[in-house]
Amino acid sequence: MNENLFTSFMIPVMLGIPITTLIIMFPTMLFPTPNRLINNRMIAIQQWLTKLTSKQLMVTHSPKGQTWSLMLISLFLFIASTNLLGMLPHSFTPTTQLSMNLGMAIPLWAGTVFIGFRNKTKMSLAHLLPLGTPTFLIPMLVMIETISLFIQPMALAVRLTANITAGHLLLHLIGSATLALMSISLFTALITFIILTLLIILEFAVALIQAYVFTLLVSLYLQDNT
């Protein structure tokens, strides 16, 4: 009960050395490379989900955009597995760190914008000025559209960070309230425990949904520039 509310969001340290890199690399162990003629059920399910997600993300892309399919599906699997592992007790969720999410969002966004300016320079510049804009509003609208373009990676990172952090904080608060109520009223504690269980199920869904939303928005940025 005396534990700091934000303790679970602190970067874990071992012998004075941050071990965030090891935690980030751990989800890759959950997706083994198939090396048999007939795969087991776990690998078969993983491959089916991967193909289904890849099809949903890349169905509207041009051939140039489809070359990003491996990167996008890897991004989705990484964020989803990291979010789900963060639901384990006494674990650390790297996606609650804004710096890490910016580290994913900025290079991917910059890559899509660079491709757009390289392959479709006129169309990319035309996005900065809506069609039919009055002449006296052109400088202001170009400035606004440019700012909105540079805000896109920040919005990607903040959305993921805020949703994961808010869910973990809510679970921590409800769990602490349930423990406190056990010595006061068992009936009220039971009600809060049921609410906590439902919130845990919801948080598992949010972990997958946020991974899909992050990847889908990157996919939409790519679609606009290819």
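Some points to look at:
- Hey, L220 open to solvent by 30 Å² or more (accessible area, probe 1.4 Å), within 23 Å of S62 (Cα to Cα) and of a type outside the set (S, T, Y) or not: yes
- Counting only helices (runs of 4 or more DSSP H) that fall entirely inside region 109-226 and contain at least 2 residues that are more than 30 Å from T53 (Cα to Cα) and either modelled with pLDDT of 80 or more or small (G, A, S) (or both), the qualifying elements are 138-181, 186-224.
- Filter result for F187 (under 30 Å from F117 (Cα atoms), aromatic (F, W, Y) and loosely packed, with under 15 Cβ neighbours inside 10 Å): no
- Meets criteria (polar (S, T, N, Q), surrounded by fewer than 17 Cβ atoms within 10 Å (Cβ to Cβ), modelled with pLDDT under 75 and outside any helix (DSSP H, G or I)) for T33: yes
- The residue of region 52-88 that is surrounded by the most Cβ atoms within 10 Å (Cβ to Cβ), among those that are under 14 Å from L208 (Cβ atoms) and of a type in the set (G, A, S), is A80.
- From the options G175, G132, G116, residue that is more than 20 Å from the chain's Cα centre (by Cα) and on the phi > 0 side of the Ramachandran plot: G132
- Some residue of region 191-204 being open to solvent by less than 40 Å² (accessible area, probe 1.4 Å), out of contact with any strand residue (DSSP E or B) (no Cβ under 7 Å at 6 or more places or on another chain) and closer than 15 Å to I79 by Cβ: yes
- Qualifying residue in region 79-92 (condition: under 14 Å from L217 (Cβ atoms) and under 12 Å from the mean Cα position of the chain (by Cα)): yes
- The single condition from (1) open to solvent by 60 Å² or more (accessible area, probe 1.4 Å); (2) closer than 30 Å to A110 by Cα; (3) touching a residue at least 60 places away in the same chain (Cβ under 8 Å) that L179 fails is (2).
- Any hit, region 80-87, residues being of a type outside the set (K, R) and free of Cβ contacts under 8 Å to residues at least 12 places away in the same chain: no
The values are calculated or read from the model by the stated rules, or taken from the named source; none is laboratory data. Predicted model, so just to flag it, every value in this text is computed and none were measured. When we count neighbours, we look across all protein chains shown, and the Cβ atoms used for this are built from the backbone with ideal geometry, even at glycine. Heavy atoms of the whole protein, side chains included, go into the accessibility calculation; ligands, DNA and RNA do not. Shrake-Rupley method; radii C 1.70, N 1.55, O 1.52, S 1.80 Å.
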